[in-house]
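The values are calculated or read from the model by the stated rules, or taken from the named source; none is laboratory data. Everything quoted here is computed from the prediction, not taken from an experiment. Every residue, glycine as well, gets a Cβ built from its backbone with ideal geometry; the counts of neighbours run over all protein chains shown.
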Ligand SMILES: Cc1cc2nc3c(=O)[nH]c(=O)nc-3n(C[C@H](O)[C@H](O)[C@H](O)COP(=O)(O)OP(=O)(O)OC[C@H]3O[C@@H](n4cnc5c(N)ncnc54)[C@H](O)[C@@H]3O)c2cc1C
């Protein structure tokens, strides 16, 4: 018995750890996503529930997950298990400008649908007032509409749970590390799932250091820019440390420190920067505008990438060594901070983020050296 | 023909206390009756409305108690007898007028019947309305039997005319709502042309002069009361204990004395004219006893009056012991009962009494529990209020700012309990929900950011919400009022009101359009259907979050009971049990555990939800909340 909804409330909501990934939404009438928050509508007293079972901020046993999904214990403590690392960008100029970096995520999704590897992809688009919303994309137009990053967290997986599905589609999902972790938990859950998780054939994970809280960030944008339409938002990591926002026709630079206060509290305990349970993980390449870093983790991920290369959907290059080691460092730093934050909140002992003591020690000492 | 209009002097009929009061008013030859409904008073005016045409009366449901009293008073001023009825809370509303009317006095007999609700069985308080008799120097009568209910009401008109002062009659639930034999008298059929005597202006001024006159009238009432047949003594010449009682306390005391076989030891002084005290009579009885027990409902009114009087005269009377509510001998909250009086008499007089074998009471309880299904206090099946509160609950949860409902008086007051998902957090007088919400709306400037939703019913709106709404508009408050228009005064028994197009006597009336009124009072008005739960939720959220100022959302759906009488079901409902998830993750009995419409049942054999055909009214709302689309609605 996992404690069900009451445990979700006590361990996740009450500690303000929910990141609104949407994994628990649309499964039952008690939870709903609203303006970037997961809201409890009524009390549910079941001793066991999918909500808490799937929650990426609920109990996580990395070893067990790893064993079930990759066939071995959790060892690669920096960026997770990888088969192949390189940098790439989409060739088709259609993605340029709209896509966040190299457009690889959109291009791969487009290819997977075109080739019939998947029939539909669960993506994330901007709803009214920039509200992130899960979208079921079945063609290029849908994918285009969702291209680009939204830096507030939203209930992408709610769309996966909700459908509508015919029941025979093969499904792809693009998501943040929390969502990818939730998918891993869904896949390995011992509960009767009643979700289409068994038909998820491709998971593309994004890199993510944190996401912002929708309501407070929106209030900030409104205060800053009034009713000006908000265009692309991008993050320039250290040394720049800027959030670049196009408002109206102008590009504005906002020091990251000004938005840090809006980071979701649940992001501080996240130990995963690179979506370690994906088929393919994609992020930026620091200092290389218009390129993506790719981490290929599974055979089927590898197949899709190979296909993309052979059809010249993407062009790829080796990732320079310094960039890879920097990525490893950043990822390890996120882990160390998460371990501290989890410890502060008393979650480490309770089995949130189960890592061996040895691994924890190693992470802490190595990231200190790196920092 | 109505039971109260039988022209059969000398005949004995079984009447409800409130019908007896109505009959008394008819025998007194009233021409006008005005009231606002409220338990336990409603049947007085309700039954008079049924005979209004037959007797050529004007009977009306006024929009509130103050107006009702003014309407009845106008009749008195013009020389026609007028009756006004209300429940105890209503007297507070009427009191502003009442406490000027004492000074101006009245012409023809004017009687105000107030029905108190000891134990607050259907009220928000258990106020003792008798305090107003002392406060405003009004003669006060309290019937103890059904016959007295009729006789006293009738006599109250004579007394009022005699004194030129309105007379209060106070009844309580157990007198108003029980039934007993009543011997009928003649029904006068007088015709008189009303005329207001302009040489006698009815104004409170000059206050001091009128106040003096009022005191005189009250003294005169006291003198009349000394010989009133409504006051009498039963018992031995020198009792060990004297019970002084009034109203329903008389029956309780009598029952106790008879059951305990104490007729030789205990005397009962039953007083029907409780203010001002028939002092000489009281004095005579006090002389003969050492110990007095007061038995009366709600406050120690008689008890304290007698004690005050005693304090003036204690030199002659010597030491006495007084027991009652003020002394802590009887409970000073809740309703009395014969059992309570019996147990106190046992204590005081050291007698033992075995009412019934203890197991009998236990068995009776067990058996009745089997026969009577458990019914928690809640909304009826198909009640639009349940759907409304569902939408409110979801809207406030989604809004996430710890919002709440400022409640008001009506069926929807049940919104404070599980049936309204415990959304209502304030509940006071008629109209207070909107008034409070308007006040909360002024606190935003101080950083208050909880959303507040006021609710009120249609009848309550006309009664007391209009000033609150006007105030909110004028003072630029931020207010969301949900006007739950179910086209009835449902709580008190479906009396018509200004929105229904019908008068108390069933005649046509202009409909005073709520939407038009709210707009005229400066509100932004939207219409909605509470059965459209999702749409209503969204509208509420939008109005709370995006629209500033005074907003009224009129949610219109007829009361399920009214609908049930006049129309057929909207839908035939059915649960497709294969689809029902029951207690499984994904549902966990949302419909029978949380939504809890009585039309839904939990089928313990199938472990699935089902529809109770006999109770379901076919509103279709549960089909919209079922997460697995297992509840089907089919248009009838
Ligand atoms: C909140 C957030 C934080 C990020 N932080 C980092 C970081 O620290 N370092 C780094 O290297 N990269 C980070 N990224 C990833 C980066 O912004 C790009 O998404 C990634 O490089 C892929 O680029 P692309 O051009 O291939 O994407 P595109 O082709 O533009 O496709 C982007 C995809 O991302 C999905 N998406 C957009 N917003 C969200 C969201 N809020 N939730 C879930 N899915 C979404 C869309 O469905 C779309 O399919 C972050 C992304 C997000 C959304």
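Figures for the structure shown
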item: Conditions (1) surrounded by 20 or more Cβ atoms within 10 Å (Cβ to Cβ); (2) under 30 Å from residue A:3 (Cα atoms); (3) in contact with a strand residue (DSSP E or B) (Cβ under 9 Å, 6 or more places away or on another chain); (4) within 14 Å of chain A (Cβ to nearest Cβ); number of the one not met by residue B:608; result: (4)
item: Subset of segment A:242-258 (residues that are touching a helix residue (DSSP H, G or I) at 6+ places or on another chain (Cβ under 9 Å) and more than 12 Å from the ligand (Cβ to nearest atom)); result: A:242, A:245, A:247, A:248, A:252, A:254, A:258
item: Options B:108, B:133, B:94: the member that is within 25 Å of residue B:431 (Cα to Cα) and at pLDDT 95 or above; result: B:94
item: Tally, over segment A:137-152, of residues that are farther than 17 Å from residue A:204 by Cβ and either crowded, with 17+ Cβ neighbours inside 10 Å or within 11 Å of the chain's Cα centre (by Cα) (or both); result: 2
item: Unique match (being modelled with pLDDT under 95 and either surrounded by fewer than 24 Cβ atoms within 10 Å (Cβ to Cβ) or more than 10 Å from the ligand (Cβ to nearest atom) (or both)) among A:161, A:166; result: A:166
item: Criterion violated by residue B:617 - all others in (1) assigned to a loop (DSSP other than H, G, I, E, B); (2) under 30 Å from residue B:454 (Cβ atoms); (3) within 14 Å of another protein chain (Cβ to nearest Cβ) satisfied; result: (3)
item: Strands (runs of 3 or more DSSP E) contained entirely in segment B:498-608, each with at least 2 residues that are closer than 30 Å to residue B:57 by Cβ, assigned by TED's automatic domain parsing to the domain that holds residue B:630 and free of Cβ contacts under 8 Å to residues at least 12 places away in the same chain; result: none
item: Qualifying residues in segment A:297-315 (those that are away from the ligand (no atom under 14 Å from the Cβ) and surrounded by 21 or more Cβ atoms within 10 Å (Cβ to Cβ)) - the one nearest to residue A:60 (Cα to Cα); result: A:297
item: Number of the condition not met by residue B:430 [criteria: (1) outside any helix (DSSP H, G or I); (2) surrounded by fewer than 23 Cβ atoms within 10 Å (Cβ to Cβ); (3) in contact with a helix residue (DSSP H, G or I) (Cβ under 9 Å, 6 or more places away or on another chain)]; result: (2)
item: Positions within segment A:275-291 being more than 16 Å from residue A:239 (Cβ to Cβ), more than 10 Å from the ligand (Cβ to nearest atom) and either out of contact with any strand residue (DSSP E or B) (no Cβ under 9 Å at 6 or more places or on another chain) or not in a loop (DSSP other than H, G, I, E, B) (or both), in sequence order; result: A:280
item: Residues satisfying the stated conditions in segment B:387-400, i.e. touching a helix residue (DSSP H, G or I) at 6+ places or on another chain (Cβ under 9 Å) and within 14 Å of chain A (Cβ to nearest Cβ); result: B:389, B:390, B:391, B:392, B:393, B:394, B:395, B:396, B:398, B:399, B:400
item: Members of segment A:90-107 that are touching a strand residue (DSSP E or B) at 6+ places or on another chain (Cβ under 7 Å) and more than 8 Å from the ligand (Cβ to nearest atom); result: A:91
item: Subset of segment B:564-598 [farther than 25 Å from residue A:192 by Cα, surrounded by fewer than 22 Cβ atoms within 10 Å (Cβ to Cβ) and away from every other protein chain (no Cβ under 14 Å)]; result: B:564, B:565, B:566, B:567, B:568, B:569, B:570, B:571, B:572, B:574, B:598
item: Test: residue in segment A:40-55 that is more than 10 Å from chain B (Cβ to nearest Cβ), in a loop (DSSP other than H, G, I, E, B) and crowded, with 24+ Cβ neighbours inside 10 Å; result: yes
item: Residue A:46 vs. criteria away from the ligand (no atom under 14 Å from the Cβ), at pLDDT 95 or above and out of contact with any strand residue (DSSP E or B) (no Cβ under 8 Å at 6 or more places or on another chain); result: yes
item: Answer residue from segment A:210-233, given it is touching a residue at least 60 places away in the same chain (Cβ under 8 Å) and surrounded by fewer than 17 Cβ atoms within 10 Å (Cβ to Cβ) and is nearest to the ligand (Cβ to nearest atom) among those; result: A:232
item: Some residue of segment A:136-156 being within 14 Å of chain B (Cβ to nearest Cβ) and within 16 Å of the ligand (Cβ to nearest atom); result: yes
item: Residue in segment A:181-203 that is within 19 Å of the chain's Cα centre (by Cα), crowded, with 16+ Cβ neighbours inside 10 Å and within 11 Å of the ligand (Cβ to nearest atom) present; result: no
item: Residue that is farthest from the other protein chains (Cβ to nearest Cβ) [pool: residues in segment A:108-135 that are more than 11 Å from the ligand (Cβ to nearest atom) and either within 17 Å of the chain's Cα centre (by Cα) or without any contact (Cβ under 8 Å) to a residue 60 or more places away in the chain (or both)]; result: A:114
item: Number of the condition not met by residue B:414 [criteria: (1) more than 14 Å from chain A (Cβ to nearest Cβ); (2) modelled with pLDDT of 95 or more; (3) under 24 Å from the mean Cα position of the chain (by Cα)]; result: (2)
item: Filtered residues of segment B:348-385 (kept if under 30 Å from residue B:536 (Cα atoms) and either modelled with pLDDT of 90 or more or not in a loop (DSSP other than H, G, I, E, B) (or both)); result: B:378, B:379, B:380, B:381, B:382, B:383, B:384, B:385
item: Residues satisfying the stated conditions in segment A:1-39, i.e. without any contact (Cβ under 8 Å) to a residue 60 or more places away in the chain and at the interface with another protein chain (Cβ under 8 Å from one of its Cβ atoms); result: A:4, A:28, A:29, A:30, A:32, A:34, A:39
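Let's see how each residue does on (1) within 20 Å of residue B:139 (Cβ to Cβ); (2) assigned to a strand (DSSP E or B); (3) at pLDDT below 95:
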| position | (1), (2), (3) |
| --- | --- |
| B:191 | no, no, yes |
| B:196 | no, no, no |
| B:202 | yes, no, no |
| B:211 | yes, no, no |
| B:223 | yes, no, no |
| B:229 | yes, no, no |
